[in-house]
Structure formats: structure tokens, C-alpha cells
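Peer 1: Below is a structure I'd like to ask you about.
The values are calculated or read from the model by the stated rules, or taken from the named source; none is laboratory data. Note that the structure is predicted; figures quoted are calculated from it, not measured. Glycine also receives a Cβ, built like all others from the backbone with ideal geometry; neighbour counts cover every protein chain displayed. The area values use the complete protein model at the heavy-atom level, side chains included, leaving out ligands, DNA and RNA. Shrake-Rupley method; radii C 1.70, N 1.55, O 1.52, S 1.80 Å.
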Amino acid sequence: DLDLGDTYILWGANMAEAHPVLFSRLIDNKLKNPKVRLIDIATRKTRTTQMADEYIPMVPQGDLAALNAIVHVILRDKLYDEAFVKQHVSFKRGTENQPYGLKDKEAPKEEPKNLSFEEFKELMKPMTPEWAEKLSGIPAATIVKLAHIYGDKNRKVNSLWTMGVNQHVRGVWVNNLIYNVHLLTGKIGKKGENPLSLTGQPSAC
């Protein structure tokens with residue numbers, strides 16, 4: 001994926017310092033291919049930012065709102081891969097607004113509920129770019145642009161993240177959301193376009 005992709009969206013990952021060998025491979029691809037773009041979404045500028053084509057600042061934990069709004073735009077503007085979704089994707093609604101810090105035995109036990117694609121679209125309607133801008137600090141227009149990058153059928157898009165996402169207060173949710181974006185756009189399980197957790201223990205996700 002690092003050799004064959006042409007668009008890399010980093011979610012809070014300082015890849016240049018945390019994963020220098022893999023980052024050098026990505027940059028090698030970028031130097032050889034003028035089409036390659038690197039977008040750094042993060043709460044602070046790092047050495048990775050210096051190599052990025054675009055830096056998008058966000059507030060801590062702003063990724064949850066931004067990713068939900070990206071999904072909203074993908075659905076609204078019909079950027080999803082209809083055939084892939086129909087063949088490979090099922091929808092469920094899980095637990096929402098569970099208070100942080102509850103022990104497992106105190107947390108409410110709710111089984112995920114099956115949703116149709118149309119019900120999923122309705123669920124995501126309130127999560128507009130304007131709503132997300134207030135929570136994430138990312139301008140609504142930038143969120144729309146990111147959704148259109150993910151949905152561009154002519155680009156091989158990769159999402160990359162490190163422990164900032166995996167050890168997030170809502171780490172499971174953020175991982176789910178990144179995968180949701182790739183599942184909706186069909187950019188998963190294909191050479192050069194995938195979501196990838198840059199960790200030493202990938203199964204930790």
C-alpha cells in the first residue's frame with residue numbers, strides 16, 4: 001500500500017518519527033510519483049507535517065466528529081461504492097453515549113441492532129460538516145473536501161494512524177469510523193488503498 005497508493009491521510013500520526021522506515025518508503029513513492037498526496041490531520045505540527053502537502057489542525061478528540069461528518073458527506077453526495085456496499089457491507093447500530101470510566105460490569109449491555117442502508121443514511125443525517133466543525137476545529141469545507149478525496153474513484157486512498165487513535169478515550173469508535181469510511185467507498189482489501197494501523201501489535205486494535 002505504501003508503494004502503490006497515491007493518497008495518504010494521517011490521523012494524528014507522527015509517522016516520520018514514530019515509523020521512520022515505513023515513512024521513508026512512503027516518501028520514496030511520493031518522490032517518484034507526482035500524483036502522490038500526503039495529508040496530515042493532527043493536533044500539532046510535527047516532522048511529518050514538514051513533508052505533507054497539507055496540514056489540517058484539529059482539536060483533541062475532534063476526529064470522532066470529523067469522521068462522522070465525512071461519512072455524512074459520502075452518503076449525501078453519493079460518493080459510496082454502491083456495488084461494494086451491497087455485496088460486502090452490513091450495518092449495525094451499537095451502544096451510544098456510554099459514560100467514560102464505567103467498569104465492564106457497570107456498563108449497559110446492549111446488543112448491536114441491525115440496520116438497513118437507508119436507516120444508516122437517516123442515522124447519519126444530523127452529523128453535518130457544520131456540526132463537526134464546532135467539535136473538531138476542522139472547517140466544514142475541509143471536511144467536505146476530505147470526503148470527496150475518500151470517494152474519488154480515481155484515487156487510491158490510504159488512512160494511517162498510530163496509538164493516538166488506538167489509545168483514544170473512544171479508540172474502538174474511532175477505529176470503527178475509519179474502517180467505515182473505507183468500507184463505504186470500497187477502498188479496502190485492494191492493493192494500494194486500505195486503512196492501516198501503524199503499530200507494533202496490529203491485533204491490539
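Peer 1: Please specify each residue of the stretch 45-66 satisfying the condition of being open to solvent by 60 Å² or more (accessible area, probe 1.4 Å), in a helix (DSSP H, G or I) and either among the basic types (Lys, Arg) or touching a helix residue (DSSP H, G or I) at 6+ places or on another chain (Cβ under 7 Å) (or both).
Peer 2: Listed by number, the residues that qualify are 47, 51.
Peer 1: Kindly indicate the residue of the stretch 173-203 that is open to solvent by less than 40 Å² (accessible area, probe 1.4 Å), among the hydroxyl-bearing types (Ser, Thr, Tyr) and closer than 18 Å to residue 5 by Cα and also modelled with the lowest pLDDT among those meeting that condition.
Peer 2: 197
Peer 1: Which of the following residues is open to solvent by 60 Å² or more (accessible area, probe 1.4 Å), touching a residue at least 40 places away in the same chain (Cβ under 8 Å) and charged (D, E, K, R): 156, 145? Explain how you work it out, then say what you get.
Peer 2: Working: 145 fails: touching a residue at least 40 places away in the same chain (Cβ under 8 Å).
None of the other options fit; the residue is 156.
Peer 1: Right, something else. So, in the stretch 82-101, of the ones that are open to solvent by 70 Å² or more (accessible area, probe 1.4 Å) and assigned to a loop (DSSP other than H, G, I, E, B), which residue ends up modelled with the highest pLDDT?
Peer 2: 90
Peer 1: Pull up the stretch 1-44, narrow it to residues that are outside any strand (DSSP E or B) and small (Gly, Ala, Ser), then point me to the one that is surrounded by the most Cβ atoms within 10 Å (Cβ to Cβ). Reasoning before the result, please.
Peer 2: Filtering the stretch 1-44 for residues outside any strand (DSSP E or B) gives 1-6, 12-36, 43-44.
Within this subset, residues satisfying the condition of being small (Gly, Ala, Ser) are 5, 12-13, 16, 18, 24.
Working: 5: 24, 12: 23, 13: 26, 16: 21, 18: 17, 24: 13.
Only one residue tops the list, namely 13.
Peer 1: Is it true that residue 75 is of a type in the set (A, V, I, L, M), farther than 24 Å from residue 199 by Cα and more than 13 Å from the chain's Cα centre (by Cα)?
Peer 2: Working: of a type in the set (A, V, I, L, M): yes; farther than 24 Å from residue 199 by Cα: yes; more than 13 Å from the chain's Cα centre (by Cα): yes.
Criteria met by residue 75.
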